[in-house]
There are 2 protein chains.
Amino acid sequence: MNVREDEGLRPGYPLKLNSYDLGVDVELADAIMRIRFEHPNVKALEITSGKDRIFCSGANIYMLGSSSHAFKVNFCKYTNETRLYLEEMSAESGIQSLAALNGTASGGGYELAIACDEIVLTEDGSSAVSLPEAPLLGVLPGTGGLTRLVDKRKIRRDLADVFSSLAEGVRGKRAVEWNLVDEAPAKAKFDEAVKRRALAMVARSKRKAMKAIAWTPLEAKRSETGVEYKYVTLALEKAARTATITVRAPSGSEPQNAEELAKAGVNAWAVRAFRELDDALLELRFNQLSIGVVALKTSGDASAVLAVDKMLAANKEDGLVREVMLHMKRVLKRLDITSKSFFALVEPGSCFVGSLLELALASDRVYMLDADGVSLQVSPMNAGPFPMANGLTRLQSRFLREPERVSRVLEMQGPIGTQDSVKAGLVTFAPDDIDWEDEVRIAFEERASMSPDAMTGMEASLRFGGPETLETKIFGRLSAWQNWIFQRPNAVGERGALTLYGKPERAEFDWRRT
Amino acid sequence: MNVREDEGLRPGYPLKLNSYDLGVDVELADAIMRIRFEHPNVKALEITSGKDRIFCSGANIYMLGSSSHAFKVNFCKYTNETRLYLEEMSAESGIQSLAALNGTASGGGYELAIACDEIVLTEDGSSAVSLPEAPLLGVLPGTGGLTRLVDKRKIRRDLADVFSSLAEGVRGKRAVEWNLVDEAPAKAKFDEAVKRRALAMVARSKRKAMKAIAWTPLEAKRSETGVEYKYVTLALEKAARTATITVRAPSGSEPQNAEELAKAGVNAWAVRAFRELDDALLELRFNQLSIGVVALKTSGDASAVLAVDKMLAANKEDGLVREVMLHMKRVLKRLDITSKSFFALVEPGSCFVGSLLELALASDRVYMLDADGVSLQVSPMNAGPFPMANGLTRLQSRFLREPERVSRVLEMQGPIGTQDSVKAGLVTFAPDDIDWEDEVRIAFEERASMSPDAMTGMEASLRFGGPETLETKIFGRLSAWQNWIFQRPNAVGERGALTLYGKPERAEFDWRRT
């Protein structure tokens, strides 16, 4: 993969993507992060693979076919998050993306294309778009493909059915008619069409120039017992199948305005602590499969967290501040859909306030010690900047039955003690000093003893009450079906389609439908 | 199970349910059907089991544990449909239901209770409500349980988490505080509370007295090659893994008004043809697992179908006519979520008009012969009476991207020929005489050759674009997770929790979370 940056383009120049590889997502995510943080004038980013039909020629299907169930599921979840970043970038940051398909975009490639704002496909008699997963591999186009067909591009359901079961895909004029692509110019007019659309996107874009920060690699000490970052500690208790994530408040001086934020760059707490948390979550997802229950803790000076929140809220119109908050939002959403049980522990010295209060609100349960000096506190960060995938804030999601509680909580000034937190509905259990240790210990032991599959399905069902969006449909509906299929012999058995892909043998199916 | 009917109660008297058995659903569904059709004064129906704690004492868990994956999935889908009938009955027919729990309602029992309008639980120091599926069986409360917790009763997500992982459940005051039940009177006051709530329901009910019809058993000739009913034929082509359902138009005189409809009873075409179709669908689901693709055909006099539709539309305010249309709606919804591929075949002599046009609109694809005299036609039945689970009509679901097409189609008077049907967006493919046979044959062969799991997941994802409802969440999200878990060794493996339930051995889990 070759990432090329064209210099000298105007702010708002759209992201242009050529045919892709299922495997580029990690790098693409990084490229998106970079372009969002590094380029004051938002340059064009072109990702080319040098191959025309990658999904069916690369090693990635074999990777999918040979990797563990858990890796497959995690890989798809991660690539889904990445595709959603493209759409968020368009909706929230004014950077649109244009899929310029000068060859066949197949499977994951087309799924990435339909995450873009517009799609241009060359008409050369062979280039096509296709989702061959079902007919060729016996699995679903599960990184958003099916959902975006009917819910984003709103393709008629019978045409979506034909398209999704047609290995060779759809070309040119028919692809336009079915709304699979927006335009299918002849090969000779392809570049002109791409340029025309790109310039129109630029003209529409409200993207403003912004200060940039360098997105340097994370510093992390990784060991058998966990990962140590500056503001985050991930401590693994492998024998108990539990872990603890502790997020610390800022300890020194933090940027007071947007300019200082740009200067502090990745070392600003608002960036660094959340990047570290993100990394810890991905470490848990990909490398610590046996960990079932995670304690979420915070420690340090609550007023330092509130000061950061205040600065962010005061400067929310600034481009970089906005990007930093969007990053925090994405990390919190990553937490929402991580398949581990999260129990927040609110203790003396903790700082679940404002942006860190979101960690408690994202947890499956909140345990708060009933003692003087233990408190929670809200900030403007709890009132809107960090919506969940369902479009609601975590407070709104919490109080679906009593929505009036949301504003009541948001109006509470200063620290909220344990009893008031219980009354406000922010806390699940509030044991006192005598019971705390036993109650928490038993809760973790019990949770860790339960079927990890049942917990995954249960949490996925309980965390997202209320409205559904394209995003929750992808994670809740499409991913759930894909998880099921990823486990079925028809896909991954010895004679399954995914297992046998690329081999001369034909898959053998158990024909019984459920 | 004992079904007892109390005589002499007022219209609108609510359905009262005691503790339930997971296994009652078939009978319960039948009981609901009976009460809706047979009782002009809508009598009370009391279902008692004679046992206090059934879910954990009966044979049903063992049934779940020992039955095939397909049966488990189909069983849960069917019980989900039954629970939804209770809610439809309240919303559409003015018959509310009251779960009067004079013992512990556990698992499927509590899932049935939360499908009711109100729940009263006796406070006797031991009676509780509980969803012990996850902690005890390693599966989900998948017949709507988890979804109704957070989406219907809007229980706070952390409390829902605690409740769903607590085998012994929640009792009395706490159950009321968490909104798991509406009232928890002491044992001595239980009957009075139930009566008070029942009478209040009666006072609120807008249910009117209506003509009743006797709900006699279906007549069906079942053989190895299919099922023959009066208006429906299910023909199985087992070697090809395909089947054909043909629905025939009325052939004699049909009721001209509500009174005649009451007299014709189950022999009226609008009742009988749809009851037969319902039975054919359940036959396919439960007994014909290897059938993958179903051709949907109609035959007979289109004007006879349109005449029935016209009578229904003209008398839609009549109680019985309304119930008949609700029945048709439920059958069509059963078709929407049946895990087979449906291809409608529109040929000379077919009558895809009005209520039968819905069969084509519910299909994954529509093939229409391009020849003179082949046509479709709309009626008022396509404009609202038969909404899908997502709350939209099938025409609205079809035209999510171009909603203006809905009214354009509804305004088309008289038969719509093939080319006009294509232009209107009603048809997927329209081969002419020369191509028809080959194209249809190949389409069926191709579809039947694909992974049945991939088709199930694909169809579940493509059929329900647009808005999500509690109902689509249950079938799309909760059921998908449950299907996955029902396949996992942690539930159904030799050492899985479902397999070992009731045995002295403890389940052994693969602790890796995905």
remark   = In the range B:238-250, anything open to solvent by less than 70 Å² (accessible area, probe 1.4 Å) and out of contact with any Leu (no Cβ under 9 Å at 6 or more places or on another chain) is listed as B:A240, B:R241, B:R248, B:P250
ask   = Any residue at all in the range B:125-140 that is open to solvent by less than 10 Å² (accessible area, probe 1.4 Å), closer than 29 Å to A:R394 by Cα, of a type in the set (S, T, N, Q) and touching a residue at least 60 places away in the same chain (Cβ under 8 Å)?
value = no
ask   = Can you tell me how many residues in the range A:386-414 are within 30 Å of A:T82 (Cβ to Cβ), part of a helix (DSSP H, G or I) and open to solvent by less than 40 Å² (accessible area, probe 1.4 Å)?
value = 4
task = Please give the number of the condition B:I155 fails out of (1) closer than 23 Å to A:P452 by Cβ; (2) out of contact with any strand residue (DSSP E or B) (no Cβ under 8 Å at 6 or more places or on another chain); (3) buried (at least 23 other Cβ atoms within 10 Å of the Cβ).
result = (1)
message = Against the condition in contact with a helix residue (DSSP H, G or I) (Cβ under 9 Å, 6 or more places away or on another chain), facing another protein chain (nearest Cβ under 9 Å), closer than 20 Å to A:N390 by Cα and not aliphatic (A, V, I, L, M), how does A:R513 come out, does it pass?
response = no
note = Residue set A:L356, A:L426; condition closer than 19 Å to A:F274 by Cα, open to solvent by less than 10 Å² (accessible area, probe 1.4 Å) and of a type in the set (A, V, I, L, M, F, W, C); output residue A:L356
Breaking point among (1) in contact with a helix residue (DSSP H, G or I) (Cβ under 8 Å, 6 or more places away or on another chain); (2) within 16 Å of A:S97 (Cβ to Cβ); (3) of a type in the set (A, V, I, L, M), for A:A113 = (1)
request  = For the range A:142-151, state whether one or more residues are under 24 Å from A:L199 (Cα atoms), modelled with pLDDT of 85 or more and open to solvent by 10 Å² or more (accessible area, probe 1.4 Å).
outcome  = no
So A:V181, is it outside any helix (DSSP H, G or I), of a type outside the set (F, W, Y) and surrounded by 20 or more Cβ atoms within 10 Å (Cβ to Cβ) = yes
query = Among the residues of the range B:448-481 satisfying the criterion of being more than 23 Å from A:R153 (Cα to Cα) and at the interface with chain A (Cβ under 7 Å from one of its Cβ atoms), which is surrounded by the fewest Cβ atoms within 10 Å (Cβ to Cβ)?
reply = B:M450
note = The residue from A:R463, A:R495, A:R512 that alone is among the basic types (K, R) and in contact (Cβ under 8 Å) with a residue 40 or more places away in the chain is A:R463
ask   = So how many residues does the range A:87-110 have that are open to solvent by 10 Å² or more (accessible area, probe 1.4 Å) and aromatic (F, W, Y)?
value = 0
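Here's the yes/no breakdown for (1) under 28 Å from the mean Cα position of the chain (by Cα); (2) among the polar types (S, T, N, Q); (3) closer than 19 Å to B:A344 by Cβ:
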{"residue": "B:L395", "(1), (2), (3)": "yes, no, yes"}
{"residue": "B:F399", "(1), (2), (3)": "yes, no, yes"}
{"residue": "B:I434", "(1), (2), (3)": "no, no, no"}
{"residue": "B:V440", "(1), (2), (3)": "no, no, yes"}
{"residue": "B:E445", "(1), (2), (3)": "no, no, yes"}
{"residue": "B:F464", "(1), (2), (3)": "yes, no, yes"}
{"residue": "B:K473", "(1), (2), (3)": "yes, no, no"}
Residue check for B:W484: at negative phi, at pLDDT 95 or above and either within 13 Å of another protein chain (Cβ to nearest Cβ) or surrounded by fewer than 21 Cβ atoms within 10 Å (Cβ to Cβ) (or both) = no
task = Select from the range A:347-365 the residues that are in a loop (DSSP other than H, G, I, E, B) and touching a strand residue (DSSP E or B) at 6+ places or on another chain (Cβ under 8 Å) and write down the one among them that is farthest from the other protein chains (Cβ to nearest Cβ).
result = A:G349
key: Residue among A:D278, A:D318 that alone is touching a residue at least 12 places away in the same chain (Cβ under 8 Å) and either in contact with an Asp or Glu (Cβ under 8 Å, 6 or more places away or on another chain) or closer than 20 Å to A:M388 by Cβ (or both)   = A:D278
task = Return yes when A:A344 is open to solvent by 20 Å² or more (accessible area, probe 1.4 Å) and either out of contact with any Asp or Glu (no Cβ under 6 Å at 6 or more places or on another chain) or assigned to a helix (DSSP H, G or I) (or both) and no when it is not.
result = no
remark   = Filtering the range B:290-319 down to residues that are within 14 Å of chain A (Cβ to nearest Cβ) and either in contact with a Pro (Cβ under 9 Å, 6 or more places away or on another chain) or not in a loop (DSSP other than H, G, I, E, B) (or both) yields B:S290, B:G292, B:V293, B:V294, B:L296
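Matching residues to (1) within 14 Å of chain B (Cβ to nearest Cβ); (2) in a loop (DSSP other than H, G, I, E, B); (3) in contact with a strand residue (DSSP E or B) (Cβ under 8 Å, 6 or more places away or on another chain); (4) under 29 Å from B:S363 (Cβ atoms):
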{"position": "A:Y78", "(1), (2), (3), (4)": "yes, no, no, no"}
{"position": "A:Y85", "(1), (2), (3), (4)": "no, no, no, no"}
{"position": "A:A99", "(1), (2), (3), (4)": "no, no, yes, no"}
{"position": "A:I119", "(1), (2), (3), (4)": "no, no, yes, yes"}
{"position": "A:L146", "(1), (2), (3), (4)": "yes, no, no, yes"}
ask   = Are there any pairs, at least 6 apart or on different chains, whose C-beta atoms fall under 7 Å, with the first in the range A:426-441 and under 18 Å from A:F352 (Cα atoms) and the second open to solvent by 30 Å² or more (accessible area, probe 1.4 Å), and if so, which?
value = A:F429/A:E439; A:A430/A:D370; A:A430/A:V422; A:P431/A:D370; A:P431/A:E439
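The values are calculated or read from the model by the stated rules, or taken from the named source; none is laboratory data. Since this is a predicted model, take the numbers as computed values, not measurements. Note: ideal-geometry Cβ built from the backbone for every residue, glycine included; neighbour counts use all protein chains shown. The accessibility values were calculated without ligands, DNA or RNA, using every heavy atom of the protein model including side chains. Shrake-Rupley method; radii C 1.70, N 1.55, O 1.52, S 1.80 Å.
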